[in-house]
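Asker: A single structure is presented below for examination.
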Amino acid sequence: MGSMPNRAPAPALPRRDQIRKEAARLFAARGFLGVGVDEIGKAVGISGPGLYRHFAGKDAMLADLLVGISERLLDEGRRREGEAAGPRAALDSLIDGHIDFALDDRDLITLHDRELLHLKEADRRRVRRLQRGYVELWVEVVREAFPPLAAPEAEPVARAAVHAVFGLLNSTPHSAAPQPAQNAPGSPADPGSERTGLARDSMAALLRALAQGAFAAAAAEVERARPTA
C-alpha cells in the first residue's frame, strides 16, 4: 500500500496580515473597546509593543480593517461589473462577490456594522464615501438589469431593494451559522466530526436565489403599479 503524498504546509500569512486577522476576530468577539494591544500581540505571538512596528496603534488597526474592506468591496465590484457580459451577468457577479464576503469575512461584517463610530472622523468619512460608491454601483446595475426599475420614479425602489439585499446577505450567515450542541456531533467534545447545518455551497446558493428573487420582485411590483392605458 503506497504512502500518502506529502502535502506542503500552507504558507504562513505575513505578520501584518496575521495582525489584521486576529484584530478583526478579537474586535468582533469582544468589541473594539474591550480588546487591548497586548492581547492582539499575544494572539500573533509577539509583544504588544512589537505591534507598533506594523501599526501606529489600535485605532490604526481598526481603520486599516474598515477602510480596507470598503475599498476591496468597491474595487472588486467595479471589476466584476466591468468584466460581465451584460447587466444581468453583472448583477449575478456582484451578488456572488458579496456572498463570498458575507460567508468568508463574518468578523469584518461585524466590525462594519458595529465599530464604525470608533474610527477617527477622517477615516469614518472615507469609509462612508466608499460605502456610498458601492451602493451606487449596485443601484446602477440593478436598474440596467431590470428595465422597470430604470424609470426615474422607480429609483427609490431600486435603492431600497439594494439595501434590503445587503441586509439579507450580511445578516443571514450570522443568524444561520451552524452552532453545535454540547456533546453532540460537531461540538468541542467531538472534534473529529463536522458541524451541522447548511454547507457553504448550499448557503451560497440559497442567498443567491433570495437576492435574485428580491430584485425580480421589486421590478414586478413597479410593473404592477404602473397605470394602465
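Asker: Tell me, what ³J(HN,Hα) does each residue in the stretch 149-159 have, in order and in whole Hz, if you take phi through Karplus 6.51 cos²θ - 1.76 cosθ + 1.60 with θ = phi - 60° and put x for Gly and Pro?
Answerer: Computed from phi, the couplings for the stretch 149-159 are 8, 7, 5, x, 6, 8, 4, x, 5, 4, 5 Hz.
Asker: Here's something else I'd like to know. How many nm is it between the label spots at L117 and E39, if each spot is 7 Å from the Cα in line with the beta carbon?
Answerer: Placing both labels 7 Å along Cα→Cβ, they lie 1.9 nm apart.
Asker: Nearest 0.05, what FRET efficiency do A205 and S171 give at R0 = 22 Å with Cβ-Cβ as r? Write down the numbers at each step before the final one.
Answerer: On the way: r = 18 Å, r/R0 = 0.80.
Calculated transfer efficiency: 0.80.
Asker: Using a probe radius of 1.4 Å on heavy atoms only, what accessible surface per residue do you get for the stretch 49-137? Whole Å² is fine.
Answerer: On the way: 4440 Å² over 89 residues.
On a per-residue basis, the stretch 49-137 sits at 50 Å².
Asker: Which whole-number percent is the relative contact order of the stretch 12-165 (Cα, under 8 Å, 6+ apart)?
Answerer: 22
Asker: For the stretch 110-119, in order, what is each residue's ³J(HN,Hα) by Karplus, 6.51 cos²θ - 1.76 cosθ + 1.60 with θ = phi - 60°, in whole Hz (x at glycine and Pro)?
Answerer: Per-residue couplings from phi come out as 4, 5, 4, 7, 10, 10, 4, 5, 8, 6 Hz.
Asker: Would you work out what percent of the accessible area of the stretch 43-103, with all protein chains in place, is carbon or sulfur (probe 1.4 Å)?
Answerer: That fraction is 48 percent.
The values are calculated or read from the model by the stated rules, or taken from the named source; none is laboratory data. Note that the structure is predicted; figures quoted are calculated from it, not measured. Neighbour counts are summed over all protein chains in view; Cβ atoms, including those assigned to glycine, are modelled from backbone coordinates with ideal geometry. These area figures cover heavy atoms from the full protein model, side chains too; ligands, DNA and RNA do not enter into them. Shrake-Rupley method; radii C 1.70, N 1.55, O 1.52, S 1.80 Å.
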